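Before any comments, here is the structure.
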Number of protein chains: 2
Amino acid sequence: MTHGPIRLTSAAHARLRPATEARITGGFWAARRHTNATVSIPQGPRKLESAGNLGNLRAAAGAADTDFTGDFPFQDSDVHKWLEAASWQLADTPDAELAGEVDRLIALLAAAQEPDGYLQTHYQVKHPGRRWQDLRWGHELYCAGHLMQAAVAHHRATGRTALLEVALRFAAHIEETFGPGRAVDAVCGHPEIETALVELYRETGERRWLDLAAYFVDLRGHGSLEPGFERGGESVTGGAYWQDEVPVRAARTVTGHAVRQLYLLAGAADLATETGEGELREALERLWSAMVSGKTYLTGGVGARYEGEAFGDAYELPPDRAYAETCAAIASVQFGWRMALLTGESRYSDLIERTLYNGFLSGIGLDGERWLYVNPLQVREGYEFRPGDQSARRTPWFRCACCPPNVMRLLASLPHYVASGDDTGLQVHQYACGRYAAGGGAVTVAGDYPWDGRIEITVDEAPAGPWTLALRIPPWAATAGLDGGTVERPADGWLRLRRVWSPGERVELRLPLDVRVTGADPRVDAVRGTVALERGPLVYCLEQTDLPPGVSLDALALDPERVPVAEHRPGLLGGVTVLRARGRVRAAGGGAGWPYGAGAGEDAVDGPAGDPVELTAVPYHAWANRADGAMRVWLPRAGGGAG
Amino acid sequence: MTHGPIRLTSAAHARLRPATEARITGGFWAARRHTNATVSIPQGPRKLESAGNLGNLRAAAGAADTDFTGDFPFQDSDVHKWLEAASWQLADTPDAELAGEVDRLIALLAAAQEPDGYLQTHYQVKHPGRRWQDLRWGHELYCAGHLMQAAVAHHRATGRTALLEVALRFAAHIEETFGPGRAVDAVCGHPEIETALVELYRETGERRWLDLAAYFVDLRGHGSLEPGFERGGESVTGGAYWQDEVPVRAARTVTGHAVRQLYLLAGAADLATETGEGELREALERLWSAMVSGKTYLTGGVGARYEGEAFGDAYELPPDRAYAETCAAIASVQFGWRMALLTGESRYSDLIERTLYNGFLSGIGLDGERWLYVNPLQVREGYEFRPGDQSARRTPWFRCACCPPNVMRLLASLPHYVASGDDTGLQVHQYACGRYAAGGGAVTVAGDYPWDGRIEITVDEAPAGPWTLALRIPPWAATAGLDGGTVERPADGWLRLRRVWSPGERVELRLPLDVRVTGADPRVDAVRGTVALERGPLVYCLEQTDLPPGVSLDALALDPERVPVAEHRPGLLGGVTVLRARGRVRAAGGGAGWPYGAGAGEDAVDGPAGDPVELTAVPYHAWANRADGAMRVWLPRAGGGAG
């Protein structure tokens, strides 16, 4: 019985099912999860206290006579997401102190809840009498969804019903309020309740919640929300922003606010999984493909525009103004995992791996307490920093604090995303060291991935007859080592080892971790003439702090003749493998004048390049942990003329 | 006595003075101004009526019992700017019908004005009792500034005082309200009143308006406005947005909202011109240089970010998401012209010419009635169009209609920006056909520039002794033809012809209109590996509509081996010179999958390129006049491998 975010019903039309047991016990992710468990999650209640979220609950409960604190109506959702994170953590490792904090916050939520089940302090404390009147910005169903997810997590983790009862009371109130002929016949400006309701159905077995989820998914895209225009002339948010422009089944591409889009698609994937509806599934496959082919950064980050925190046009992927919100990366993982289970295809977990190791993990500092809201792929020397959520500098907490507890809940539930099972056996999606049971067997994964390509998989348990251990071979591995030999990557990415297994039998997989020099489709105009360095699942970047004094990152080009070399540095950034490469300092050329002219652009690609510089590239996810300064993933290639 | 926007006092510390007579009588700009006079300006009152602006005035006057119409508090400013445009037009060409419309709108404004001088319908009709309470967004001084500019224009054009009296009553009310110890000691969220007050001082001779302008310029940058955060988490507008982060004299670069920044700098330039203050002048020179060296598009457009309609970091100049608001181009011309007069340096008019012919003029359709608010340098095939001000499609009017009347007033006052005078003689800044008097003499400019490089300047009047005719030689002209010979471009750009002139004497200047293949400084990352085509002051672009069927603009690269050829097409786009070039269709390469991989980027710069295609580039300013579709200024260069 899985303790993770998805527990399919027995009727679900999924090709794969989540593992019934999943523990990460060592290696790369265990270290990150340790920081999450010992730093990030324990700090949560203090952060929520000082940001006013808990005070809002006390005010709603009548236990305090304070004003509503916070700039957004969705302040409560930070509490809900933290509770979800803490619950997954408790499912993993009992912790009396944490359990006590969880109980305290649940009691606060229960006390704050209205007798009719309604619970959102923004409307209870600040705007009484105005509930359900601003569907576009009110985020009431959004908060309700996060509450439901937290309640499901808490129930799965502890078996206790205190929070589930709160969520069910709210859900019943929503059911009475929404729908044709009821008080409100419109969707929420921020999808989230859809996926939550499906999980509430899974947890309780009550079909009504699945029906309500279907109602919201079906209603969306028909203009039940008015397109809105914000003050100041700077933000034109049409229906796409809140995913109310085109019905999911008719949509051709991902668009609008990236987190809204992907939470909606996660919910629609849950729905398609439980109903088996083919039209919806096809739409989801189409939308995922559109996202991957032209709207995803090399890091797995999504959302190209600050304006509306939105997906851009296809191939509009600026590295400097990449928005790539941490929450959007998380939402991409959530959507992708649902598609992986629904379809059984490995490509979804290919992107999940890329996202986890790069565009997601960059969102949290190595210390577990400084965060990035946006995750650009380039920061220039002259970067004009201003305090704020959207700055490319690590920050202890945000005014809009959606990302930190979102990171916490994904890290706390990460074991859930590693393995799956079906009638034939067990599939390993991610090479996170630990023990996973699924498909009638159990395995232990060991090794030092992603620093080392050797992965040891021990079959701890297997049924008596033939049983399949399926290993995902990432698309960057044309071949892989297997025990003594070498195998080609199967076309569908699944290396299926079907045999009769003896418990304790061991397989050694060797993924090739050669440094890759990666280019981009020419339609990705913003990175024309540049390359990025990758190794295994990791995208690398250069940071100003690693350059010799006096050398500007903005004046550097990569020498493509020298193949970069990997070198492990145990003392750097908690222990990372760096890539050593050679660069060239571009001839000064451009002064401070008009930057356009005959031949002005040639230096970058064909022209002469100057002195060689030894470069050290670090994993992108570890950037901005030492010093502020310039950073870039995409590196101009020094011209052939460079000696 | 000039009839244009700037009339320096005799005490002004300017190196150059505006022409005392200026008429554009033929050629390129006369045609554009004819459309402005016969289509755009006459339509104004109807547009203002249907958008509700005039109804708001009637409501404020008590002549109608209607609600306030419009999404913004600054709706009145559209009326003011139209009145300014109509006044400059009347200064140029008497027109009884237009004069009647002007009188009608002035009467409406006078009727709407409160007894104490206040005038802004948003607060009069919609939020009575709340004036001066929302300095950040209220735009009250902004509207007052545009009212003053309109009043000055009307007074200069007609000698009548009806509108000037309205403006002076409002100015007096502002003077009583603002200042240390008075009701309000803060600046307006949108600069504009600064330049308007200096001009009011110039028009009336009353020093108090100069002092009030100085007060506002000096107060700005000291945080009298709270940094603001907008709803939805998408817009972080710190103090830079409303130019209240750093005092002008201390600023190192242009930043924040581009129009706000440049209106402020125009006002500060007015102030420095009248006071002669060196520190302010140095700051303005520094800021202009920072703008030009790293924050200006090839088209002269400025403002790289949709988010906050703002300047980006230095060298952050994406062609696809260029905001480059039409109003920002206009503001750049206004700031630049003040600096040209203040310093006498030609570089300001170099940029003005570039901006006028490209990033400004693109803002208005050839028909004079369809507009662009944003002026991108690239639109992809998959461009996701949504109705709205910020869409890259021509639109009949905008919800936020700041740009159209702004274009009208610049075109109507354009003669003012062509020539200047000083003690030595007359300077020709722009080669617009017409007659200009300044510096004790008068000239007539003739020719077919920018299509043809031959420009004929006739000295109609000159003093008896030696007198200097100074001709600006653009920086793209290393040499120029002069009568029978050739001259090198002087280092300071001014070709000074000093001699004793006989009235009727003629000079022939020949500017070289060779096609230029222009690159960008490698720090402008977004256009690495591409080139743009220019000829004279014109930037060119490719439009999808000019390509053979089946050829996608997004798959094209320019063949750099073939020198593009200019060809005049009298029947195209009202008569333009096109550039014929050769392109290559890129090998299909990228399908619909993951767009990154080894060698994926090479096609764009070094790799093989496919079939040759004949290309026709049109002037950028004329784009989007025939069909929607892809467009690009920066063209990838086909690799050397292309045979």
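Values quoted throughout were computed directly from the atomic coordinates according to the rules given, and no laboratory measurement underlies them. In this text the structure is predicted, and so the values were computed from the model without any measurement. Every residue, glycine as well, gets a Cβ built from its backbone with ideal geometry; the counts of neighbours run over all protein chains shown.
For the protein assembly as shown, count all C-alpha to C-alpha pairs, find those more than 45 Å apart, and express that count as a whole percent of the total. Walk me through the intermediate numbers first.
Numbers: 348457 of 826255 pairs.
Every Cα pair in the protein assembly as shown considered, those over 45 Å come to 42 percent.
What does the helix-only formula give at 222 nm for chain B: each DSSP H stretch with n ≥ 4 adding -39500 (n - 2.57), the total divided by the residues, and the result rounded to the nearest 500 deg cm²/dmol? Can you show the working numbers first?
On the way: 15 runs with 198 residues, N = 643.
Using -39500 (n - 2.57) per qualifying helix, the result is -10000 deg cm²/dmol.
Using alpha carbons only, how many angstrom separate the centre of the stretch A:246-313 from the centre of the stretch A:175-209?
20 Å
Residue farthest toward the positive end of the dipole of the protein assembly as shown, with Cβ of Lys/Arg at +1 and Asp/Glu at -1: which of B:Pro512, A:Asn375, B:Pro94?
B:Pro512
How far is it, in nm, from the label point at A:Thr38 to the one at B:Glu176 when both lie 7 Å from their Cα along the line to the Cβ?
Distance between label points: 7.0 nm.
List the distances, in nm to one decimal, from the label point of B:His222 to the label points of the same position in every other copy, shortest first, placing each label point 7 Å from Cα along the Cα-to-Cβ direction.
Nearest to farthest, the other copies are at 5.9 nm.
For chain A, count the residues as N, evaluate 2.2 N^0.38 Å, and divide the Cα radius of gyration by that value, please.
Cα-based Rg divided by the globular estimate yields 0.96.
Can you list the residues, at least 5 places off or on another chain, whose amide H is less than 5 Å from the amide H of A:Cys541, using H built in the peptide plane?
A:Val618, A:Tyr620
From other protein chains only, count the Cβ atoms within 10 Å of every residue's Cβ in B:526-538, then give the mean.
Numbers: counts 8, 7, 13, 13, 5, 6, 2, 0, 3, 0, 0, 0, 0.
That works out to 4 on average.
How large is log10 of I(q)/I(0) for the stretch A:419-510 at q = 0.18, 0.21 Å⁻¹ when the intensity is taken from the Debye formula with one equal scatterer per alpha-carbon?
-0.74, -1.02
Can you work out which chain A residue has the shortest Cβ-to-axis distance for the rotation that carries A onto B, and give it in Å?
A:Gly529, 2
If I fit a long axis through the Cα atoms of helix A:193-204 and take the longest principal axis of the Cα atoms of chain A, what angle between them do I get, 0 to 90°, rounded to 10?
The answer is roughly 60 degrees.
Tell me, in nm to one decimal, what length is gained between B:His13 and B:Glu567 on full extension, where the rule is 0.36 nm per residue of separation less the Cα-Cα distance?
On the way: separation 554, 0.36 × 554 = 199.44 nm, distance 4.55 nm.
This chain segment gains 194.9 nm when fully extended.
At 20 °C and a viscosity of 1.002 mPa s, what translational diffusion coefficient does Stokes-Einstein give for the stretch A:254-359, taking Rh as the Kirkwood radius over Cα pairs? Give it in µm²/s as a whole number. All intermediate terms of the calculation are to be shown ahead of the outcome.
Working: Rh = 13.4 Å.
So the translational diffusion coefficient is about 160 µm²/s.
Return the average number of partner chain Cβ atoms within 10 angstrom of each residue Cβ along peptide B:381-390.
Working: counts 4, 10, 3, 11, 1, 10, 3, 5, 4, 5.
If you average over the peptide's residues, the count of other-chain Cβ atoms is 6.
Past 24 Å, Cα to Cα, is the threshold; run A:Lys47/A:Lys81; A:Lys47/A:Lys126; A:Lys47/A:Lys295 against it and keep the listed order.
Violating the 24 Å Cα-Cα cut-off are A:Lys47/A:Lys295.
Mind giving me the nanometre distance, one decimal, between the label points for B:Ala183 and B:Glu279, set 7 Å out from Cα along Cα→Cβ?
Between B:Ala183 and B:Glu279, the label points sit 3.2 nm apart.
Compute the length gained on full extension between B:Arg496 and B:His127: take 0.36 nm times their separation in residues and subtract their Cα-Cα distance, giving the result in nm to one decimal. Don't jump to the answer; show the numbers that get you there.
Numbers: separation 369, 0.36 × 369 = 132.84 nm, distance 5.77 nm.
Difference between extended and current length: 127.1 nm.
Just to check I understand the Karplus step: with θ = phi - 60° and J = 6.51 cos²θ - 1.76 cosθ + 1.60, what whole-Hz values come out for the stretch B:518-523, glycine and proline as x?
Those phi angles translate into 10, x, 10, 3, x, 6 Hz.
Could you check the spin-label model distance between A:Glu614 and A:Asp460? Points 7 Å from the Cα along Cα→Cβ, value in nm.
About 4.4 nm, to one decimal.
Between copies, how far does the label point of A:Glu277 sit from its twins, in nm, shortest first, when each point is 7 Å from Cα along Cα→Cβ?
6.6
Tell me the relative contact order for the stretch A:305-387 as a rounded percent, counting alpha carbon contacts under 8 Å between residues six or more apart. Please list the in-between numbers first.
Values: 80 pairs, mean separation 28.9, N = 83.
The normalised contact order for the stretch A:305-387 reaches 35 percent.
Evaluate the relative contact order of chain A (contact order divided by residue number), counting alpha-carbon pairs under 8 angstrom at least 6 apart; express in whole percent. Please report the intermediate quantities before stating the final value.
Working: 1426 pairs, mean separation 84.2, N = 643.
Relative contact order here is 13 percent.
Would you please name the trypsin sites (Lys or Arg not before Pro) within the stretch A:117-170 that are DSSP coil residues with at most 15 other C-beta atoms within 10 Å of their C-beta?
Details: sites: A:Lys126, A:Arg130, A:Arg131, A:Arg136, A:Arg156, A:Arg160, A:Arg169; in loops: A:Arg130, A:Arg131, A:Arg160.
Hits after loop and neighbour filter: A:Arg130, A:Arg160.
Dipole magnitude of the stretch B:424-510 about its Cα centre, charges +1 at Lys/Arg Cβ and -1 at Asp/Glu Cβ only, in debye to the nearest 20? If you can, show how the numbers build up before the last one.
Working: 9 positive and 10 negative charges, 40 e Å.
The calculation lands at about 200 debye.
In nm, one decimal, shortest first: how far is the label point of A:Arg370 (7 Å from Cα along Cα to beta carbon) from the matching points in the other copies?
Sorted ascending, the copy-to-copy spacings read 5.2 nm.
For A:Ser50 and A:Ala31 in the same chain, what is the full-extension length gain: residue separation times 0.36 nm, less their Cα-Cα distance, in nm?
My answer for the length gained is 4.1 nm.
Can you list the HN-Hα couplings for the stretch A:425-430, worked out from phi with the Karplus curve (6.51, -1.76, 1.60; θ = phi - 60°), rounded to whole Hz and with x for Gly and Pro?
Along the stretch A:425-430, the couplings run x, 10, 10, 9, 8, 10 Hz.
Please list, ordered by chain and number, the residues whose modelled amide H lies under 5 Å from the amide H of A:Asp559; skip anything fewer than 5 residues away on the same chain.
Amide H neighbours of A:Asp559, under 5 Å, 5+ apart: A:Arg582, A:Gly583, A:Arg584, A:Ala638.
Per-residue Cβ counts within 10 Å, from other chains only, averaged over A:310-319: what number is that?
Details: counts 3, 1, 5, 9, 8, 7, 8, 2, 6, 2.
The shielding value for this peptide is 5.
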